[in-house]
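Below: the structure, in structure tokens.
The values are calculated or read from the model by the stated rules, or taken from the named source; none is laboratory data. It should be emphasised that the depicted structure is a prediction, and the values quoted were computed from it without experimental measurement. Heads up, the Cβs are rebuilt from the backbone with ideal geometry, glycines too, and the neighbour counts pull from every protein chain shown.
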Amino acid sequence: MPVYHGEGASRPLKYALICAMAVVPAAALAQQDMPVAAEPNPAASRAHAAPQTDVNSQTPDPAEPEASDGGPIISDEEFEDVLPELDPAMNAPLESMEAFTARQDALDVETKQQAEATEAGSPESLAAAQDGDAVEELADAPITDPAIAEPLPALADFQVEPVTIEGETPDNANVEIKYSFRIDGLEPVEDVVDDVSIESTFADLSALEDGDGKAANAAQVQARLTSDQELLVTILESEGYYDASVNGGLALPDQTGGKATATLNVSPGTRYTFGSIKLDAPPVVPDDLLSSNFALNVGEPIVATRVLAAEAQLSVTMPQEGYPFFSLGQRDILLDPVPATGAYTLPITPGPRSSFGGFSTTGDLAFDAEHVGLLARFDRGDLYDSRMTDDLRQALVATGLFNTVTVEPKRTGEIAPDGTEYVELEVVQNAGPPRTIAGGAGYGTGQGFRVDASWQHRNLFRPEGALIASAVAGTQEQGAGLTFRRSNAGKRDRTAELSINALRSSFDAFDALTARIAGRISYDSTPIWQKPLTYSYGFEIVASSEEGYNVPLGARERQQYLIGALPGQVTFDQSDDLLNPTKGYRISARLSPEVALNDGTRIYARTLLEGSAYYPLGDSFVLAGRLRAGSIPGIDRDDLAPSRRYYAGGGGSVRGFGFQQLGPKDPSGRPIGGRSLNEAAIEGRYRFGNFGIVAFVDAGQVYDSVLPKGDDLRYGVGIGGRFYSNFGPFRFDIATPINRQPNESIVSVYVSIGQAF
């Protein structure tokens, strides 16, 4: 990469991408018909070098004798005859140090006297100069090097000219000056290039632009101008203008305090196009796999970003099509100035066409290779696809059991029946801490504060068998539970769960002491994989003692209930995000057939249908809506346990009202609950950076009838704030009811994590 000669550090990544493709012009080499290999240094792509000599075809010097029979060029006798005789004084004893020092002192005195005589212009010094003075001999020597007499090369052969300075340089070179700059001659280029602005790219990387029109002195402006000359040449070359040249000029102000003007004069030259394209590779399957995935064509301009993108596309596509060991060599582009074309050659090593084989695993293991194979979405013998390898790596990461984990294909040399070579996927595991402590908190008007915490060991029962202990404490709920969960239970993304818990609930609607045992098998979405279709099914056994209002009795009473249920749910999700959707929709249906033992046996079903949609209006605004309807056929309301009835109102329901405060109420104004409900909500969500503002209108009601009637709806309006973190938005909503009734709060506040829907 070229070195940045301005004041800053290295060029940013954008400059590195511009310089990543190097091309060597062949103007001087065309006469010798020599191929020129592209060098990785972009500076080489700007060099217009003199003709090079082929080191493999040098012409012998006619002055040198040649050996005709492979023997010595001259005989030993001839060699000894030309050797000079040794000076006999070499065998004389060395002089003493005293004598040597005295002789050197005498020479120093003589040299000093000659220097003084030369400065005085004495006749002795002039005579010495005429009698072989070295300086005179050099000055009077005839010109023997023919290169000195050759004419200077053409100006067009240089891309970057030295900066010329107009005006007088201030006496104080360190006086701060202001400057402006302009680019001339770039208009023809801007009219031709596609999807890019040369001036915009230059402005992003320019040293003159970064200086904001101020410099410590004229020399600093000159340095920035020189650096920008090189930058502009590089940018032009990246767009195919390999003959481009840029001259720089700096006009200093006439007086102190004036503004200097820097000018870049561009001569872009002719734009080069691809004259030929050759992918130098052995045969692949299918035959057109390389050419059909290579996005360059003959006749297109030689644009660096297009070349890099086309090569990157091959590097991505080929491992997806059965070539995991695919690699590219160094590209070679030979430029021909007439007719401004380039011959492109790309060496390719595809490696063997491969299919999936087995698995191996090393390192600090969280589980064995057999469980790794369970997470894979491919079978032995399937054609290798790097997307499936990446998917397996993500599945391993999603277990939450690793600090680091890698998946790499390894050659086996084993040939499959279809002629491909089996590859083994090597999984290197580095298990992380298996224990996690988590907690959460929230507040809602009518529901009060609620804090929950959990401890879990995610791999206590290998593989992926977790034990979870949880607890909840709040103003209206207190409880604890224990859960066993097996992730990827016999099948990827399938979870089996068994839990037991006890809970005390004290709400206006009812007061309950509940013990519960439940089991569930589910196929769920995760933050890494948001699935379009999820489901769950299981069982639930609930024993509870509940106090609620008995309408026929006209008073509150406590009853005991034993309930068995088979709950199930299906969700179809086409939204773009699990916690913060901005487009798409979701539809969810729940069905729970139940049997209740309380003064007899009663069979009924709890059903609920919900849908939500999200529509973006620009980049920062989302319009969101939700509809919900529920029904409980097969049982009278007063025979239904109060905790199994439908209620509405609160942060996850109809905001503006307290928790469970909508619907029929007893004479004291406490909610009774019902057998059906309907709800609707619409939100306008505006986001700016990590913050957001929401305006909303909610509506809903609870009914004693089996089906929701749709009349007597209650409405709440409000605004909210959002703080968007990397795991979801924090929500703070304030709402008020419309046509507020007696005993209803003027303002309700809701704090939680995640959007309302």
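Before moving on, here are some points about what is shown:
- Close contacts from segment 204-223, counting a first residue that is of a type in the set (Ser, Thr, Tyr) and a second that is buried (at least 20 other Cβ atoms within 10 Å of the Cβ), with Cβ to Cβ under 6 Å and a gap of 6+ residues or different chains, come to Ser206/Asp228.
- Subset of segment 461-491 (residues that are in contact (Cβ under 8 Å) with a residue 24 or more places away in the chain and surrounded by fewer than 17 Cβ atoms within 10 Å (Cβ to Cβ)): Phe461, Arg462, Thr475, Gln478, Gly490, Lys491
- Pairing residues of segment 636-655 that are of a type in the set (Asp, Glu) with residues that are part of a loop (DSSP other than H, G, I, E, B), at Cβ distances under 6 Å and at least 6 apart in sequence or on separate chains, gives Asp638/Val551.
- Matching option when the condition is within 27 Å of Arg606 (Cβ to Cβ), in a strand (DSSP E or B) and in the same structural domain as Asn550 (by TED's automatic domain parsing), among Tyr715, Tyr724, Tyr686: Tyr715
- Evaluation of Val372 against (1) under 18 Å from Pro463 (Cβ atoms); (2) in a loop (DSSP other than H, G, I, E, B) (one fails), failing number: (2)
- Selection count where residues are surrounded by fewer than 18 Cβ atoms within 10 Å (Cβ to Cβ), touching a residue at least 40 places away in the same chain (Cβ under 8 Å) and not in a loop (DSSP other than H, G, I, E, B), scope segment 561-591: 1
- The set of residues in segment 625-672 that are in a loop (DSSP other than H, G, I, E, B), surrounded by fewer than 18 Cβ atoms within 10 Å (Cβ to Cβ) and under 53 Å from the mean Cα position of the chain (by Cα) comprises Pro633, Gly652.
- Look at (1) in a helix (DSSP H, G or I); (2) more than 22 Å from the chain's Cα centre (by Cα); (3) touching a residue at least 24 places away in the same chain (Cβ under 8 Å) and you find that Asn430 fails only one, number (1).
- Conditions (1) under 33 Å from the mean Cα position of the chain (by Cα); (2) outside any strand (DSSP E or B); (3) at pLDDT below 90: number failed by Gly446: (1)
- Qualifying residues in segment 195-212 (those that are touching a strand residue (DSSP E or B) at 6+ places or on another chain (Cβ under 9 Å), crowded, with 17+ Cβ neighbours inside 10 Å and part of a helix (DSSP H, G or I)) - the one modelled with the lowest pLDDT: Ile198
- Of the residues making up segment 213-224, those that are surrounded by fewer than 23 Cβ atoms within 10 Å (Cβ to Cβ) and touching a Leu at 6+ places or on another chain (Cβ under 8 Å) are Ala218, Gln222.
- Taken as a whole, segment 633-641 holds at least one residue that is modelled with pLDDT of 95 or more and in contact with a strand residue (DSSP E or B) (Cβ under 8 Å, 6 or more places away or on another chain).
- Candidate set: segment 271-296, residues that are hydroxyl-bearing (Ser, Thr, Tyr) and surrounded by fewer than 18 Cβ atoms within 10 Å (Cβ to Cβ); chosen: the one farthest from Gly419 (Cα to Cα): Thr273
- Residues that are touching a residue at least 40 places away in the same chain (Cβ under 8 Å), out of contact with any strand residue (DSSP E or B) (no Cβ under 8 Å at 6 or more places or on another chain) and either within 24 Å of Val189 (Cα to Cα) or among the aromatic types (Phe, Trp, Tyr) (or both) within segment 256-301 comprise Pro268, Thr270, listed in sequence order.
- Of all residues in segment 537-555, none are outside any strand (DSSP E or B), at pLDDT below 95 and buried (at least 18 other Cβ atoms within 10 Å of the Cβ).
- Residue within segment 222-229 that is over 34 Å from the mean Cα position of the chain (by Cα) and either under 29 Å from Leu335 (Cα atoms) or in a helix (DSSP H, G or I) (or both) present: yes
- Cβ-Cβ under 8 Å pairs, at least 6 apart or on other chains, segment 302-327 side farther than 24 Å from Leu425 by Cα, far side among the polar types (S, T, N, Q) and surrounded by fewer than 22 Cβ atoms within 10 Å (Cβ to Cβ): Ile302/Thr273
- Condition check for Arg458: at pLDDT 95 or above and either buried (at least 17 other Cβ atoms within 10 Å of the Cβ) or not in a loop (DSSP other than H, G, I, E, B) (or both): no
- Inter-residue pairs, beta-carbon under 8 Å, first under 19 Å from Val423 (Cα atoms) and touching a residue at least 24 places away in the same chain (Cβ under 8 Å) and in segment 360-371, second among the hydrophobic types (A, V, I, L, M, F, W, C) and not in a strand (DSSP E or B), 6+ apart: Ser360/Ala369; Thr361/Ala369; Thr361/Val372
- Test result for Ala453, assigned to a strand (DSSP E or B), in contact (Cβ under 8 Å) with a residue 12 or more places away in the chain, in contact with a Gly (Cβ under 6 Å, 6 or more places away or on another chain) and small (Gly, Ala, Ser): yes
- Residue within segment 657-679 that is over 30 Å from Arg558 (Cα atoms) and out of contact with any strand residue (DSSP E or B) (no Cβ under 8 Å at 6 or more places or on another chain) present: no
- Note on segment 714-741: residues that are over 12 Å from Gly692 (Cα atoms) and without any contact (Cβ under 8 Å) to a residue 24 or more places away in the chain amount to 4.
- A count restricted to segment 312-364 and to residues that are surrounded by fewer than 19 Cβ atoms within 10 Å (Cβ to Cβ), hydrophobic (A, V, I, L, M, F, W, C) and more than 25 Å from Ser276 (Cα to Cα) stands at 1.
- Selection status of Val702, over 46 Å from the mean Cα position of the chain (by Cα) and assigned to a strand (DSSP E or B): yes
- Taking the criterion of being without any contact (Cβ under 8 Å) to a residue 40 or more places away in the chain and of a type in the set (Phe, Trp, Tyr), the only residue of segment 539-560 that qualifies is Phe539.
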